Every structure is written in C-alpha cells, then in structure tokens.
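The values are calculated or read from the model by the stated rules, or taken from the named source; none is laboratory data. Note that the structure is a prediction, hence the values are computed from the model and not measured. Positions of Cβ are backbone-derived with ideal geometry, glycine not excepted, and every protein chain shown enters the neighbour counts.
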C-alpha cells in the first residue's frame with residue numbers, strides 16, 4: 001500500500017510532497033500561511049494508519065474510510081484550540097504509516113483524533129454537534145476528542161472544550177466510520193467552577209438503537225460509565241439536563257469511548 005503527504009497553497013499549487021510504501025515522512029521547511037492544506041493519501045481505502053501531521057501534536061490511530069484526507073492548516077482564530085507550538089515556525093515534520101496488526105487489535109480510546117475538523121468525512125473518528133458556542137474554534141466539537149482533558153478553566157488551548165451556547169437541545173456525536181465494540185465511556189465535564197455549571201444527567205444514544213441515561217455529579221474528574229459490550233458505528237450524547245447551579249455554562253472537555261475493532 002502506498003502513502004503520500006502533500007502540502008498545497010490556497011490555489012492548489014504543490015509546495016511539498018512525499019510518497020512511499022506503507023510509511024511516509026516529510027520535512028517542510030517553510031512557514032505555513034493562510035490557505036495552506038495538508039493532504040494525506042492512501043492507495044487503498046478502509047485502512048488503519050498511525051499519523052502525525054505536526055510534530056507538536058500526538059500521533060493518532062485513525063481509520064481512513066476513503067483514500068484522501070485534506071486538513072486545512074489551522075491558523076488565526078482556528079489555531080486557538082491547538083498548542084501554540086503546533087503548525088508554527090519554519091520546520092515541520094509529518095509522518096504516516098500503516099498500523100501494525102497489534103495496534104489495530106489493542107483495547108483503546110476509539111474516540112480520540114486530534115486531527116479531526118469540521119470538513120472531515122474520511123479520517124475517523126469524527127465529532128460533530130448541532131451547536132458550538134458562537135461558532136468559535138475554542139468551543140468546537142472536535143475539542144471533545146482531541147485527547148486533552150485539562151478542564152479547570154475555559155478559553156484558548158489548553159482549555160478548549162465543546163460549548164453549547166446555552167442550547168437545551170445540544171447534542172454531540174462521535175462517528176467511528178466503521179463498526180467497533182465498546183464497553184466504557186469516560187465523560188469529563190469542564191470544571192471552571194463557579195463560572196461553569198454541570199449536567200445532572202445525559203442520555204447516550206447508540207447506533208444499534210439502544211439508549212442509556214446516566215446520572216452525573218459535579219466533579220473535575222472523568223466520570224466512568226461501564227457498558228454492556230455493544231457493536232456500534234456512532235454514539236450521540238444528548239438530553240443534557242443542567243443542574244440548578246446559577247451558571248448558564250455547562251460544557252464538555254473530553255469524551256473518551258473505549259473498546260476495540262469489530
């Protein structure tokens with residue numbers, strides 16, 4: 001299987017490219033500017049990869065449902081939910097490789113993907129929601145699956161979160177892009193008390209048609225929900241019931257969903 005990495009400008013002109021079999025790397029020695037895009041390609045769809053599209057971000061285990069994933073380099077306001085060290089400077093290392101069989105089989109958090117973005121229908125997992133506070137990057141759905149659980153404040157990285165703009169019908173969905181077996185959820189609310197409120201209960205809806213209501217408490221720690229094993233393609237969190245605390249601002253810092261490949 002061949003893999004390639006490519007960087008293009010806003011007009012589609014190729015700034016750098018690299019291709020190799022099963023494992024590809026690139027060193028890009030220029031500063032990113034607005035409109036630059038990183039493209040990851042695979043000669044085969046439906047494959048498992050370990051990718052690191054910026055050396056200041058973690059490598060991620062991802063499922064490539066298609067053959068091409070385009071990541072708009074986050075700059076300006078979009079950059080505020082990422083480490084300021086990421087996508088900065090004039091030296092960037094990017095890598096992608098085929099995941100080893102044991103990496104595919106291992107029990108893990110199946111929801112994590114720091115390289116997720118709104119325009120993602122290829123590189124899973126992917127988070128999307130029916131509301132994000134003021135449309136700001138620091139309150140985007142992707143923040144809930146970026147692997148960062150720092151939750152004692154709110155705002156720019158490392159305090160990014162999924163914000164619901166006080167919507168009572170707010171929902172967030174994690175789509176795995178394929179069937180997986182899950183048996184545990186870790187739910188970490190934002191805990192910038194007293195600025196923040198919290199949810200007393202939520203309902204998890206699973207793609208197999210089942211639902212689970214969970215009671216929550218006011219805490220800065222992950223709240224662990226153990227599940228009967230179920231085969232799913234996505235999980236939605238909704239029917240979020242806010243507590244009677246005076247703050248109107250409950251928010252979600254991290255949603256971790258544990259299991260293994262089906």
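For the stretch 218-232, check the following and say yes or no: at least one residue is free of Cβ contacts under 8 Å to residues at least 60 places away in the same chain and closer than 15 Å to residue 173 by Cβ.
Yes, the stretch 218-232 contains a residue that is free of Cβ contacts under 8 Å to residues at least 60 places away in the same chain and closer than 15 Å to residue 173 by Cβ.
Any idea which residue in the stretch 41-69 is surrounded by the most Cβ atoms within 10 Å (Cβ to Cβ), counting only those that are in a strand (DSSP E or B) and more than 15 Å from the chain's Cα centre (by Cα)?
Result: 49.
Restricting the stretch 129-167 to residues that are in contact with a strand residue (DSSP E or B) (Cβ under 6 Å, 6 or more places away or on another chain) and in a helix (DSSP H, G or I), which is surrounded by the most Cβ atoms within 10 Å (Cβ to Cβ)?
If we take residues in the stretch 129-167 being in contact with a strand residue (DSSP E or B) (Cβ under 6 Å, 6 or more places away or on another chain) and in a helix (DSSP H, G or I), then 143 is surrounded by the most Cβ atoms within 10 Å (Cβ to Cβ).
Can you name the residue in the stretch 243-254 that is out of contact with any strand residue (DSSP E or B) (no Cβ under 6 Å at 6 or more places or on another chain) and in contact (Cβ under 8 Å) with a residue 12 or more places away in the chain and is also nearest to residue 102 (Cα to Cα) among such residues?
So the first thing to find is which residues in the stretch 243-254 are out of contact with any strand residue (DSSP E or B) (no Cβ under 6 Å at 6 or more places or on another chain), and the list is 244-249.
Filter once more, so that each one left must be in contact (Cβ under 8 Å) with a residue 12 or more places away in the chain: 245-249.
Numbers: 245: 46, 246: 48, 247: 46, 248: 45, 249: 42 Å.
By that ranking, first place goes to 249.
Name the residue, out of 187, 193, that is over 24 Å from residue 62 (Cβ atoms) and modelled with pLDDT of 95 or more.
Exactly one residue qualifies, and that residue is 193.
Can we say residue 203 is in contact with a strand residue (DSSP E or B) (Cβ under 8 Å, 6 or more places away or on another chain), without any contact (Cβ under 8 Å) to a residue 40 or more places away in the chain, assigned to a strand (DSSP E or B) and surrounded by fewer than 19 Cβ atoms within 10 Å (Cβ to Cβ)? Show your work before the answer.
Working: in contact with a strand residue (DSSP E or B) (Cβ under 8 Å, 6 or more places away or on another chain): yes; without any contact (Cβ under 8 Å) to a residue 40 or more places away in the chain: yes; assigned to a strand (DSSP E or B): yes; surrounded by fewer than 19 Cβ atoms within 10 Å (Cβ to Cβ): yes.
Here the answer is yes, as residue 203 does meet what is asked.
Would you mind finding the one in 25, 21 that is in contact (Cβ under 8 Å) with a residue 24 or more places away in the chain and surrounded by fewer than 15 Cβ atoms within 10 Å (Cβ to Cβ)?
25
Name the residue, out of 215, 256, that is at negative phi and crowded, with 20+ Cβ neighbours inside 10 Å.
256
Name the residue, out of 74, 84, that is surrounded by fewer than 16 Cβ atoms within 10 Å (Cβ to Cβ), part of a loop (DSSP other than H, G, I, E, B) and touching a residue at least 60 places away in the same chain (Cβ under 8 Å). Working first, answer last.
Details: 74 fails: surrounded by fewer than 16 Cβ atoms within 10 Å (Cβ to Cβ).
Going through 74, 84 in turn, just one is surrounded by fewer than 16 Cβ atoms within 10 Å (Cβ to Cβ), part of a loop (DSSP other than H, G, I, E, B) and touching a residue at least 60 places away in the same chain (Cβ under 8 Å): 84.
When the stretch 116-128 is examined, which residues are found to be closer than 19 Å to residue 77 by Cα and surrounded by 23 or more Cβ atoms within 10 Å (Cβ to Cβ)?
116
Please specify each residue of the stretch 171-197 satisfying the condition of being surrounded by 21 or more Cβ atoms within 10 Å (Cβ to Cβ) and over 18 Å from the mean Cα position of the chain (by Cα).
Passing the criteria: 196, 197.
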